[in-house]
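Here the structure is laid out as C-alpha cells; the discussion comes afterwards.
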Amino acid sequence: MIRRLEKALRDQLNGKKPRIPAAGRHVWEWFWKMDRTREGTGYGINPLQPSQIQAWFQMRHISPLAWHLDAIERMDALRMKTYFEKRDEDSKPADQVSSRPLTSKLFDALFPSKR
C-alpha cells in the first residue's frame, strides 16, 4: 500500500494524474492536509516533524496505525526530495544562446546607435 501511495504522489508531483488506491485514500488526504500546514524557511520547505504529525492526529482524535505513519513519513521524504530537485533545476543557469563571443562590432550590429 505504501508503495502505491508513493507512486501516486510521484505521479502527482510530476504533473501526471495520480491513481490513489482506495484503501489508502484516507492517508493520502491526511498527508495533503498536513502538507498545507508545513513550515518553511527562505530556503524552501521543512520536513514534517514527528511532533507536528502527532499533534495533527491528536487534534482530530485519530489513532493512526503504524503503516499510516510509515506511509506519511515516506510520502513526506518523497515530497521533500522532489521539491528540492525541481528547485535546483529551476536555479540552473540558462542555456547559452550563442557560443560566439560578444565583441564591440557584434554589439554595435545588435544595438546600433541612434545618431
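The values are calculated or read from the model by the stated rules, or taken from the named source; none is laboratory data. Source: prediction; values computed, not measured. Glycine also receives a Cβ, built like all others from the backbone with ideal geometry; neighbour counts cover every protein chain displayed. Only protein heavy atoms, including side chains, enter the accessible area calculation; ligands, DNA and RNA are left aside. Shrake-Rupley method; radii C 1.70, N 1.55, O 1.52, S 1.80 Å.
The condition of being touching a strand residue (DSSP E or B) at 6+ places or on another chain (Cβ under 7 Å), open to solvent by 90 Å² or more (accessible area, probe 1.4 Å) and either assigned to a helix (DSSP H, G or I) or among the polar types (S, T, N, Q) (or both) holds for only one of R87, R74, that being R87. Residue count for region 13-36, restricted to those that are assigned to a helix (DSSP H, G or I), surrounded by 14 or more Cβ atoms within 10 Å (Cβ to Cβ) and at pLDDT 95 or above: 7.
Is it the case, given these coordinates, that P64 is part of a loop (DSSP other than H, G, I, E, B) and closer than 19 Å to I2 by Cα? When the stated conditions are applied, P64 passes them. Is it the case that some residue within region 38-61 is open to solvent by 60 Å² or more (accessible area, probe 1.4 Å), β-branched (V, I, T) and on the phi < 0 side of the Ramachandran plot? Scanning region 38-61, I find at least one residue that is open to solvent by 60 Å² or more (accessible area, probe 1.4 Å), β-branched (V, I, T) and on the phi < 0 side of the Ramachandran plot, so the answer is yes.
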